[in-house]
Amino acid sequence: MQMLLSMHCLLKTKKSMLQFDNVSMRYPGAGDVLRNVSFHLERGEMAFLTGHSGAGKSTLLKLIALIERSSRGQVLLDDQNLNQAKDRHIPFIRRKVGLIFQDYKLLQDRTVFDNVALPLIIAGYGHHEVSRRVRAALDKVGLLGKEKKYPAVLSGGEQQRVGIARAVVNKPPMILADEPTGNLDPELSAEIMHLFEQFQQVGSTVLIASHDVLLIAQMNYRVLKLDHGQLVES
Amino acid sequence: MRHVTKKPIKQERWQTKISGGNFVDKLYAYRNLHAHALFSSLGRLVASRFSSAMTIVVLAIAISLASGFYILVANLQQLAGNLEASNQISLFIKDEISEVRANKFADSIRKNPDIQAVKLITKEQALAEFQLYSGFGDAVKALEKNPLPVVIQVLPKNSLENEQALAVLLDDFERAAEVDFAQMDMQWVKRVQSIMEVARRGVILLSLLLGTGVLFITANTIRLELYKRRDEVVIAKLVGATNGFIHRPFLYSGFWIGFFSGVTAWFIVTTIMLILKRPVETLSRLYDDGFHIVFLGFTETLALLLISSVLGVVGSWIVLHFQLRQLKPE
C-alpha cells in the first residue's frame, strides 16, 4: 500500500508542471494571504486563477516566480522544490517562467526589439540568435515590423503583446500572466486570450490570474478560484 | 496524502537551460555577456555625456592633486638626494683672529684623538667658492671688503657616532676663544631629510584621502545611475537576470569613469609640468644646472591609470554590494 502510494506520487510529480502542497502565505501584520492551497497543473495545461481583489491571486503567482516564498507548504515547479532553491538559483528558475503583467513592465527608453531581446541577452545568446528569436516571437504576437518603435507610441494592446513576446521569447515551459487584460477593452482582451491558447497548444503550461469572470466563462478551461486565501474551486 | 519531495536543486540543472550546455557555448555566452556590459556601459556614459564629463573632471582634479604632489616631492627629492649626511662640523672663526692663529688652532684640533680630519678654508678660498656656487658672484664683487670668515672644517672620527659625544665636542669648540660659532653640517641635512620624510608621508596621506574621495564620488555616481535604472534592474531580475548580469554594466561604468579620470589627470599634471618646465630650467641654469624637472614616467603613468580604474571599479562594487539587495521585484 505504501509503495503504491509513493508510486502514485512519483507519477503525479512526473506529469506535473506545477504543484502546490498545503501552501500558506502569511505577511507580517496582514494575516494569512493564502491558506492551505493545494493543486497541480499538468504539463501543457491551461488554467485560470480567479477570485475577488485581495483573494491572493498575485501572491500565488509571486510564489511561483520566487518573488515571494511560502510560509508553509511546498511549491514544486518542473519537479523542483522551490522552497529549497537558494538565492543564486532564483534567476535560473525564473528563466523557466514567462511572466506577463497587467502594467506590461516594458522599458520605455528601449525599442520593442530591445525589450523582447532582454531575456535572450541575459541568457548570453549571440547577436544573430537574439535577432532570429526576437523576430520569431514578434511574428507570433503579430508585431513584426514594429521592432524599432518605442513602447510609448504603441497602443495598450500592442504593448501587452510586446510583454507577451518578451515572456515567450526564451520558450519557457511555464507562462504566468497576472491580470493581462486588466487594462484592455473586451475585444483586445479576447485577442490576448487567444494568443495564450496558441502557446498552450504548442505545449506551454499557462496560468492566468484574472477577475474577468465573463471572459473566463467564454473560454472552456479549468478555473481555480481563491476566496480569502483559500482554494474554493479547482 | 501530503506529498513531500526533498530533491535538492542542483545549479547545473538550471544552468543547462541557459544556452546549450557544452563548454564552448558557455564560453560564447560569457563573451556575449561581457561584450554587452562593455558596450552598454560605454553607451550609458556617452548618453549622459554632460554629467559623466562633470564627474570625470572632478575625479581628475582630485587624482591630479595627489599625483601632482607626488611628482613635486619626486623633484625635490632630486635636490635632497645629493646631500650626504656626515658629522662634519664647521667652526666659524672670529673676525679679529688672524689666519696664523687660526692655523695654530687647527693644528691643536688635529691632535685631538677623536678627530679624523681638519681643513682650514681661508677668507679668499671661501669667497672664491661662494662666487662659484652661490650664483651671487657679481653681488659679492660689489662688496668693498670680504665679509666671509675663516672656516675650519672638522671631521670627527666615525667612532664618535653618538649624538651626545658629538654635542659635547660641539660645545667644547663653541667655548674656544677663537671660535665665533660652531655648526654641525649634518643638522641641516638632517632637517632637509626629515622635511622630505614629512613630505613623502604627506603625499601618501593626501593620496589616501583623495583616493577615498574618488572612491566615494564614483560610488555616488553609480548609486545615482542605479537609482535611475531601478525599473530596468527589477525587470531584468524578473526575466531571470543573475546578479552578475545586473552588476557587470555598473562595474564597467565604474571602470570607465576611473580610467578616463586617470587619463584626464595625467593630462592635467603633464600640462602643468610643461608650463613650469621653462622657468624651472632657467632657475636651475642660474645655479649649477644640476636640476632637471622630472615628469610622470611610464611606470608612474601606468600606476596612475591602474589605481584610478581600480578605485572606479571598487567604488561601484561598494554601491552594488550594499544597495542592489534592496532592489528586489517585491
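Please treat every number below as a calculation from the coordinates, not as lab data. These figures come from a predicted structure and were not determined experimentally. Please note: Cβ atoms are built from the backbone with ideal geometry, for glycine as well, and neighbour counts cover all protein chains shown.
Side notes on the structure shown:
- Per-residue Karplus couplings for the range A:196-210, computed as 6.51 cos²θ - 1.76 cosθ + 1.60 with θ equal to phi - 60°, are listed in order as 4, 4, 5, 5, 5, 5, 8, x, 6, 8, 10, 10, 10, 8, 7 Hz, Gly and Pro entered as x.
- Taking 0.36 nm per residue of separation and subtracting the current Cα-Cα distance, fully stretching the chain between residue A:211 and residue A:228 would add 4.7 nm.
- Among the listed pairs A:149/B:228; A:86/A:171; B:119/B:157; A:140/B:237; A:225/B:237; A:105/A:140, those beyond 18 Å (Cα-Cα): A:149/B:228; A:86/A:171; A:140/B:237; A:225/B:237; A:105/A:140
- With at most 10 other Cβ atoms within 10 Å, longest stretch of chain B clear of loop trypsin sites (Lys or Arg not before Pro) (DSSP): B:146-330
- With a 10 Å cut-off around each Cβ of A:94-105, the average count of Cβ atoms from other chains is 3.
- Residues whose amide H lies under 5 Å from that of residue A:17, counting only those 5 or more places away or on a different chain, are A:41, A:42, A:43; hydrogens are built 1.01 Å from N in the peptide plane.
- Computed over chain A, the range of Cα coordinates on each principal axis works out to 59, 39, 37 Å, biggest value leading.
- Karplus-derived 3J(HN,Hα), 6.51/-1.76/1.60, for each residue of the range A:109-121, Hz, glycine and proline x: 8, 10, 6, 3, 4, 5, 4, 5, 6, 3, x, 6, 5
- Overall form of the range A:74-187 per C-alpha gyration tensor (a/c, 1.5; a/b vs b/c): oblate
- Computed from the C-alpha gyration tensor, the three semi-axes of the ellipsoid equivalent to the range B:89-190 are 26, 16, 11 Å, from longest to shortest.
- For peptides B:257-266, A:49-58, sequence by mean Cβ density within 10 Å, most packed first: B:257-266, A:49-58
- For the segment A:69-75, counting C-beta atoms of other chains within 10 Å of every residue's C-beta and taking the mean gives 1.
- Using a cutoff of 8 angstrom between alpha carbon atoms and counting only pairs six or more residues apart, the relative contact order for the range A:181-234 works out to 22 percent.
- Given R0 = 51 Å, the distance between the Cβ atoms of residue B:231 and residue B:270 translates into a calculated FRET efficiency of 0.75.
- Linear extension gain, residue A:109 paired with residue A:152, 0.36 nm per residue minus alpha-carbon span: 14.6 nm
- Cα-based Rg and Dmax for the range B:177-244, where Dmax is the largest Cα-Cα distance (Å): 28.0, 95
- Ordering of A:167-175, A:207-215 by packing [mean C-beta count within 10 Å, highest first]: A:167-175, A:207-215
- In range of the label at residue B:24: residues from the range A:115-131 whose backbone nitrogen is under 18 Å from the point 7 Å along Cα→Cβ: A:125-129
- Report summary: the helix-based calculation at 222 nm, which adds -39500 (n - 2.57) for every DSSP H run with n ≥ 4 and divides by the residues of the protein assembly as shown, gives -18500 deg cm²/dmol.
- Binning the alpha carbon pair distances of the protein assembly as shown at 10 angstrom intervals from zero yields the distribution 3, 13, 17, 15, 11, 8, 7, 6, 6, 6, 5, 2, 0, expressed in whole percent.
- Each residue of the range B:192-200 was assigned a 3J(HN,Hα) from its phi angle through the Karplus expression (A = 6.51, B = -1.76, C = 1.60, θ = phi - 60°), giving 4, 5, 6, 4, 5, 5, 4, 5, 4 Hz with x at Gly and Pro.
- With a Förster radius of 25 Å applied to the C-beta separation of residue B:111 and residue B:197, the computed FRET efficiency comes to 0.05.
- Peptide A:114-123 has a mean shielding of 5, counted as Cβ atoms of other protein chains within 10 Å of each residue's Cβ.
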